[in-house]
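Novice: Can you read through this structure? Questions will come right after.
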Amino acid sequence: MKTPELFDEKNRDLTKEEILEKVKSLVGKQMIDIYETNDFNKKASFGYAIEEGAFNYQRNSKSEADFRNENIELKVTPYKRNKNGSFSSKERLVLNIINYMEEYKKTFEESSLWAKNQTLLILFYEHVQNISRENFMINYAILHQFTENDLRIIKNDWKTIIDKIKAGKAHEISEGDTFYLGACTKGANSDTLRQQPFSPILAKQRAFSLKTTYMTQIVKELTSRTKKTDSLFDYIDLIDDSIEESIIKKISFYYGYSVKALMELFDVNSNAKNKLEMIVNRILGIKRNLSDTPEFTKANIKVKTIRVNSNNRIKESMSFPAFKYEEIVKETWEESKTRALFESTKFLFIVFREKNGEFYLDDVMFWNMPVNLIDNNVKKVWDRTVEIVKNGNIVAGYKDNGDRKTNFPSTKFDSVCHVRPHGQNAKDVYSLPTIDKVTGSNVYTKHCFWLNNSFILKVINKHHENIS
DNA sequence: GCATGATCATGC
DNA sequence: GCATGATCATGC
């Protein structure tokens, strides 16, 4: 095991060529190789082993980049293979901790973020289930510099975060606020709190980070040598450096057009089921789906088309991927998939309103769920759901037609969300951690969290009032 | 008429 | 075959 006096800080002054030379020798190496050839503690993280072992400088939390002469910051991060064979990033990439008391005084160019993270040397290793971490292998290394378009979006994201600090709302920062650059919680636990300059309320300690979805896009580019996906920027110009403004401006030009007129105008096949989304794609001039553009993938934006009936109601609530019963009972709320889903997703709502029997394009808005709703309403529903599953208490009884009635929290339980089936049919099931008391079965129909239609209506009506 | 259980349809 | 966005169907 290395002791500090053996480190040589001069290694932080290596030239770019020397750094890349060394990195080349690391690609294809397993953790165990790096531990052994560098006499390094096997319990250490891959990142530490590379910094202290392979590069022989002491790990630090300095505000300058690791390789200070070249201004290159070293990162080691995992990716994984999905069930369908594709690859995605396992985690967000954490950059530097945000000092709420200082960061707001700076311009982006002077920011701690930019000072340290202009150029990232990212080493990717594959995280594989059921193999010992010592055998994880570095498979890719890239010197990442932000493209001009990425940078414009990241600057805008940085400003969004800073604006929240300036408004005395550092405690309300959420990853869903921004597109590529997030502010994720970072500390010994989620209770690590810090002062903020414009409010007495202590805020969770957070770090700038590149969202998991942003990292996934990089992983996809590395792992697939084939097609490049449509870039949104091949079709639209960024206005005021913001995805948000650009898309709203382009779509809002067609406010008041009927679905029928838009379908004729953009030559959309009338039989298509997802015709509303197709219309939006055509308005933006995108060949495939808006949600498949790298920008929307990187920013984790879900596109949802919403129809408001003439009686000012939305017929359907909004569904999400089904949760796994066995998983959800093992999670804590803070670490749960459900919390992550609502915190990190940004929505693009495209609203069509019915008038005289026909739907008209009416509004476009980006939205993400405020943190207080996530940690109060959604948590309440989640807690109740977990309790029911844990106790084998899902089924409450049967209706006359044989349909089962459940104890899952309904729309009456909470104003924001509820739990309902979401599968191919009642036989589409996931296994239960506890046998259900009524059915005696160890499986149950897949369910998911749904946003209440009444809640969605409130969100879009409020937006409608604010702009008109 | 709505809430809730169930299911469809598409794409990978 | 399954995940996911979207919608149907009917008992209360």
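Novice: For the range A:99-196, please list each of the helices (runs of 4 or more DSSP H) lying entirely inside it that holds at least 3 residues being β-branched (Val, Ile, Thr) and in contact (Cβ under 8 Å) with a residue 60 or more places away in the chain. Talk me through it step by step, then tell me what you get.
Specialist: On the way: elements: A:100-103, A:112-117, A:148-166.
Result: A:148-166.
Novice: Next question, about the same structure. Here are the criteria: (1) at pLDDT 90 or above; (2) over 26 Å from residue A:26 (Cβ atoms); (3) of a type outside the set (Gly, Ala, Ser). Tell me which single one residue A:125 does not satisfy.
Specialist: (2)
Novice: Within the range A:275-321, work out how many residues are outside any strand (DSSP E or B) and within 14 Å of DNA strand B (Cβ to nearest atom).
Specialist: We begin by selecting, within the range A:275-321, every residue outside any strand (DSSP E or B); these are A:275-300, A:309-313, A:315-317, A:319-321.
Now drop any that are not within 14 Å of DNA strand B (Cβ to nearest atom), which leaves A:275-278, A:281, A:286-293, A:296-297, A:309-313, A:315-317, A:319-321.
Count: 26.
Novice: On the given criteria, is residue A:114 within 30 Å of residue A:366 (Cα to Cα) and touching a Ser or Thr at 6+ places or on another chain (Cβ under 8 Å)? Before the answer, list the steps.
Specialist: Values: within 30 Å of residue A:366 (Cα to Cα): yes; touching a Ser or Thr at 6+ places or on another chain (Cβ under 8 Å): no.
Spelling it out, it is not the case that residue A:114 is within 30 Å of residue A:366 (Cα to Cα) and touching a Ser or Thr at 6+ places or on another chain (Cβ under 8 Å).
Novice: Here's a follow-up. Condition (residue is surrounded by 17 or more Cβ atoms within 10 Å (Cβ to Cβ), polar (S, T, N, Q), in contact with a Phe, Trp or Tyr (Cβ under 9 Å, 6 or more places away or on another chain) and modelled with pLDDT of 85 or more) applied to the range A:93-101: is it met by at least one residue?
Specialist: yes
Novice: Residue A:402 passes all but one of (1) part of a loop (DSSP other than H, G, I, E, B); (2) within 15 Å of DNA strand C (Cβ to nearest atom); (3) in contact (Cβ under 8 Å) with a residue 12 or more places away in the chain; which number fails?
Specialist: In the conditions (1) part of a loop (DSSP other than H, G, I, E, B); (2) within 15 Å of DNA strand C (Cβ to nearest atom); (3) in contact (Cβ under 8 Å) with a residue 12 or more places away in the chain, residue A:402 misses (3) alone.
Novice: Report, ordered by the first and then the second residue, all pairs with beta carbons closer than 9 Å, sequence separation of six or more or different chains, a first member in the range A:424-443 that is in the same structural domain as residue A:399 (by TED's automatic domain parsing) and free of Cβ contacts under 8 Å to residues at least 60 places away in the same chain, and a second member that is away from DNA strand C (no atom under 12 Å from the Cβ) and among the acidic types (Asp, Glu).
Specialist: Correct list of pairs: A:442/A:436; A:443/A:436.
Novice: Quick check on this structure: which one of A:173, A:142, A:153 is farther than 21 Å from residue A:89 by Cα, of a type in the set (A, V, I, L, M, F, W, C), surrounded by 14 or more Cβ atoms within 10 Å (Cβ to Cβ) and not assigned by TED's automatic domain parsing to the domain that holds residue A:368?
Specialist: Checking each option against the conditions leaves just A:173.
Novice: Kindly provide the set of residues from the range A:378-421 that are closer than 29 Å to residue A:463 by Cβ, surrounded by fewer than 20 Cβ atoms within 10 Å (Cβ to Cβ) and away from DNA strand B (no atom under 11 Å from the Cβ), ordered by number.
Specialist: A:379, A:380
Novice: Still on this model: Looking at the range A:298-318, which of the residues that are more than 12 Å from DNA strand C (Cβ to nearest atom) and within 25 Å of the chain's Cα centre (by Cα) is farthest from residue A:364 (Cα to Cα)?
Specialist: As a first pass, look at the range A:298-318 and keep what is more than 12 Å from DNA strand C (Cβ to nearest atom): A:298-299, A:310-313.
With within 25 Å of the chain's Cα centre (by Cα) added as a condition, the list becomes A:298-299.
Numbers: A:298: 20, A:299: 17 Å.
Taking the candidates together, the pick is A:298.
Novice: Considering only the range A:408-443, state which residues are in contact with a His (Cβ under 9 Å, 6 or more places away or on another chain), at pLDDT 95 or above and farther than 17 Å from residue A:389 by Cα.
Specialist: Within the range A:408-443, no residue meets the criteria.
The values are calculated or read from the model by the stated rules, or taken from the named source; none is laboratory data. It should be emphasised that the depicted structure is a prediction, and the values quoted were computed from it without experimental measurement. Positions of Cβ are generated from backbone atoms using ideal geometry, with glycine treated the same way; all protein chains shown enter the neighbour counts.
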